[in-house]
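Chemist: Here you go, one structure.
We did not get these values from a lab; they are worked out from the coordinates using the rules stated. This is a predicted model, so every value here is computed, not measured. Because the Cβ atoms are built from the backbone with ideal geometry, glycine has one as well, and the counts that use them run over all protein chains shown.
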Amino acid sequence: MKSGIQPALINDPFGDPGLLVQFLLQKRALLFDLGDLSALSNGALLKVSHVFVSHTHIDHFIGFDRLLRSLFGREKTVTIFGPKNIIQNVAGKLAGFTWNLVDQYDESLTIEVVEVRESGLLKGTFRAIERFQLCDERQEPFVDGLIVDDPTFSVRTAILEHRVPCLGFALEEKPHVNIDKERLESMKADPGPWLNELKQSVLRDESESTLIEVPFKELGGFRTEDLPMGQLKNDLVEVFPGQKIGYVVDTVFNDRNRKKIVGLVDSADIFFCESPFLADEEERGQARYHLTSRQAGILAREAGVKQLQVFHFSSRHKDCREQFYNEAQEAFQG
Ligand SMILES: [Zn+2]
Ligand SMILES: [Zn+2]
């Protein structure tokens, strides 16, 4: 499927968990979890606008410093979402450094932190220019799990159990369209507001016989022609239907979580799901509040996702890489 976003795990499945989602048509990226980020370039980190932290166990949060190091000294705002206490966790990280020289920088980093609680979203701001002192604390409603609603994508979350609250996420790219510039040129049509009209008409799924007035440049002036939207769409428009990506890590297999996860990642195109334990280790998984390969497969099947990608494998099982994939696939296919 054509899509404007590209998700990729940051590390090998035996390494720290984390997902980078790059936007192909914008200089932008999203990060899910802040584990070991050493595999990412500074260039990739500079594109990050939003970070979604499942919880702050060390393998999911040790990379905060690396991200801060890349972004510090830049005029940029990055928003970090996380579970209860994330504002204190970020404040603690920032308090570990000395910021007496911040006024010598021309550009100032702003870190917005959003703490997701059942009762609402708690927000706080840390500005480099103010030596990263917490300010602007405020509370906002938390409705339908929605935490980001951007023109190009939205993100929903569910608060899952992992002995501490742990957030699962679903990213949905909004449908969008792109005009093929080369084809527009070869058609000799004159660019203008009609292109926007065409895009909106395609996005609204209007009748293909709808006529759009297209201006053409000609020697000595302009002429216009009414052309059917369907024809223009075929000739000029690339349609990106939008992709849905699920991300769930560090959670226990019980009825409450199961229901929340299936609802959250319902019909996702790709579901990234943790699987630290093998199928025969259910008891270990329950005791440690983690999923097995088979449980990841069951969740994926119940949610009707198109593709399952398991990761976050326990390092005790370094020799069982294929077994993780096989067991998860077997349960996923039913
Ligand atoms: Zn954990
Ligand atoms: Zn973990």
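Chemist: Please state the relative contact order of region 251-334 as a whole percent: Cα pairs under 8 Å, 6+ residues apart? All intermediate terms of the calculation are to be shown ahead of the outcome.
Modeler: Numbers: 152 pairs, mean separation 30.2, N = 84.
Relative contact order for region 251-334 comes out at 36 percent.
Chemist: Give me the angle, in degrees from 0 to 90, between the Cα long axis of helix 321-333 and the longest principal axis of the Cα atoms of the chain, rounded to the nearest 10.
Modeler: Compared with the principal axis, the helix lies near 60 degrees.
Chemist: On to the next question. Calculate the length of the line joining the C-alpha centroid of region 277-334 to that of region 155-183, in whole Å.
Modeler: Going from one Cα centre to the other spans 22 Å.
Chemist: Kirkwood hydrodynamic radius, computed over distinct alpha-carbon pairs, for region 1-175: how many Å, to one decimal?
Modeler: Details: mean 1/r = 0.0602 Å⁻¹.
Over region 1-175, the inverse of the mean reciprocal pair distance is 16.6 Å.
Chemist: Figure the gain on full extension for residue 301 and residue 140 (residue separation times 0.36 nm, minus the Cα-Cα span) and round it to one decimal in nm.
Modeler: Values: separation 161, 0.36 × 161 = 57.96 nm, distance 3.43 nm.
Taking residue 301 through residue 140 to full extension adds about 54.5 nm, to one decimal.
Chemist: Find, to one decimal place in angstroms, the Kirkwood hydrodynamic radius of region 218-334, where the mean of 1/r is taken over every pair of different Cα atoms and then inverted. Write down the numbers at each step before the final one.
Modeler: Numbers: mean 1/r = 0.0611 Å⁻¹.
Its Kirkwood hydrodynamic radius stands at 16.4 Å.
Chemist: For the chain, what does -39500 (n - 2.57) per DSSP helix run (n ≥ 4), summed and divided by total residues, give at 222 nm, in deg cm²/dmol to the nearest 500?
Modeler: -7500 deg cm²/dmol
Chemist: Using the Kirkwood radius over C-alpha pairs as Rh, can you work out the diffusion coefficient of the chain via Stokes-Einstein at 37 °C, viscosity 0.692 mPa s, in µm² per second?
Modeler: Details: Rh = 22.0 Å.
After rounding, the answer is 149 µm²/s.
Chemist: Now for a separate question. Considering only the other residues whose Cβ falls under 10 Å of the Cβ of residue 105, what net charge follows from Lys and Arg at +1 and Asp and Glu at -1?
Modeler: Details: positive: 74; negative: 75, 103, 106, 107.
Computed value for this residue: -3.
Chemist: If I model a spin label at residue 196 and residue 46 as a point 7 Å from the Cα along the Cα→Cβ vector, what separation in nanometres do I get?
Modeler: Distance between label points: 3.1 nm.
Chemist: Taking Cα atoms, how many degrees apart are the long axis of helix 255-264 and the longest axis of the chain, rounded to 10 and kept between 0 and 90?
Modeler: 20
Chemist: Still on this structure: First check a/c for region 294-334, with a ≥ b ≥ c the square roots of the eigenvalues of its C-alpha gyration tensor; if it is under 1.5, answer rounded, and if not, answer prolate when a/b is larger than b/c or oblate otherwise. Present the calculation step by step, with values, prior to reporting the outcome.
Modeler: Details: a/c = 2.65, a/b = 2.18, b/c = 1.22.
Here region 294-334 falls in the prolate category.
Chemist: Could you work out the relative contact order of the chain? I mean the mean sequence separation of Cα pairs under 8 Å and 6+ apart, divided by the number of residues, in percent.
Modeler: Details: 722 pairs, mean separation 41.4, N = 334.
Over the chain, the number comes to 12 percent.
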